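Quick one: structure below, then a few questions.
Just so it is clear, none of the values below were taken in a lab; they were calculated from the coordinates. Note that this is a predicted model, so its numbers are computed, not measured. Methodologically, a virtual Cβ is constructed for each residue, glycine included, from the backbone with ideal geometry; neighbour enumeration extends over all protein chains shown.
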Amino acid sequence: MQLDSSVSAIVTGGASGLGAATARQLAGLGVKVALFDFNEAQGEAVARELGGVFCRVDVTSDADVEAGFAKARAAHGQERILVNCAGTGIAMKTAGRDKKTGEITHHPLAAFEKLIQINLIGSFRCAALAAAGMMTLEPADSGERGVIIHTASVAAEDGQIGQAAYAASKAAVVGMTLPMARDLMGEAIRVNTILPGIFDTPLLHSASEQVKAVLAASVPFPKRLGRPEEFAALAAEMCRNGYFNGAHVRLDGAIRMPPR
């Protein structure tokens, strides 16, 4: 797919981190970008910077997502690109003992369900609506109508202690990539997923420099945290390269996560 001003994109979680970096990368190539996020202040600021449009969207809400697509399409036309970066994480064991009292506790189901709603169902909800919209387009010169990119995590394959819910949500995103690509192959819409490792994003901003240094040292090579622009560059290549389809790709400096 040629990335220029003839193409529009929607990036979920676009107000910060991997999403904002991806929005900047695409906008820098001339693509018209709409950002979905629930952080209005940051989202509006990034949209102004990029000359894009911000849509306040909670990806767990049908009404929010539908309204977001309507606003983005009114501003830029039908998108040919969707990049799903909206997501969150928690650390909680399946069951455990309180260190002080010895009381046995278990993972609250509501917390598990919330993570699935955001990371998995939110991604699918946006992808299904984007795909339906892309199907109304005529194929571009490349022969394709659009491309959908999901964000999973290396936790999908190397989930750590306390990551049962998070790893399950991300593994499911990986698991739906190929069947979704097969669902849409007759419509000339491609689907891929990126599995980032340890990236320097807002999720790590509360960590001390010492903790960040330990995390960086755990990466085989290069011994540093991933940069959001490196994720964005891979997302852009997945858009450009028409033979990228049904793939899930680790972007992690060769790290394999230990149990803790």
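Of G253, L215, P196, whose Cα points farthest to the positive end of the dipole of the stretch 115-260 (charges on the beta-carbon: +1 Lys, Arg; -1 Asp, Glu; origin at the Cα centre)?
Of the candidates, L215 comes out farthest on the positive side.
Which of N84, G51, S153 sits farthest toward the positive end of the charge dipole of the stretch 8-251, with +1 on the Cβ of Lys and Arg and -1 on the Cβ of Asp and Glu?
After comparing all options, I get S153.
Moving on to the next point. At 0.36 nm per residue, and after removing the present C-alpha to C-alpha distance, how many nm does the segment from Q2 to E113 gain when stretched out fully?
36.1 nm
Using the crude model of +1 on Lys and Arg Cβ and -1 on Asp and Glu Cβ, and no other charge, please compute the dipole size for the chain relative to its Cα centre, in debye to 20.
That gives a dipole near 700 debye.
Between R224 and E138, what is the label-point separation in nm under the 7 Å Cα-to-beta-carbon projection?
The answer from the label model is 4.6 nm.
Show me, for the stretch 151-156, the HN-Hα J-couplings you get by feeding each phi into the Karplus relation (A = 6.51, B = -1.76, C = 1.60, θ = phi - 60°), rounded to Hz, glycine and proline as x.
For the stretch 151-156, the Karplus-derived couplings read 10, 9, 5, 4, 4, 4 Hz, x marking Gly and Pro.
Assign unit charges at the C-beta atoms only (+1 for Lys and Arg, -1 for Asp and Glu), then state the dipole size of the stretch 102-200 relative to its Cα centre in Debye, rounded to the nearest 20.
The dipole of the stretch 102-200 has a size of about 160 debye.
Run the numbers for I161 and K99: contour at 0.36 nm per residue of separation, minus the present Cα-Cα distance, in nm.
Length gained between I161 and K99: 20.7 nm.
What is the packing order of peptides 96-106, 205-215, 231-241, 55-65, taking the mean over residues of other C-beta atoms within 10 Å and listing the highest first?
Most protected by this proxy first, the peptides run 231-241, 55-65, 205-215, 96-106.
Among K32/K223; K99/K223; K99/K212; K71/K223, which pairs are too far apart, with a Cα-Cα distance over 32 Å?
In this structure, K32/K223; K99/K223; K71/K223 lie more than 32 Å apart at Cα.
For the chain, what does -39500 (n - 2.57) per DSSP helix run (n ≥ 4), summed and divided by total residues, give at 222 nm, in deg cm²/dmol to the nearest 500?
Helix contribution divided over all residues of the chain: -12500 deg cm²/dmol.
How large is the convex hull of the Cα atoms of the stretch 8-251 per residue, expressed in Å³ as a whole number?
135 Å³
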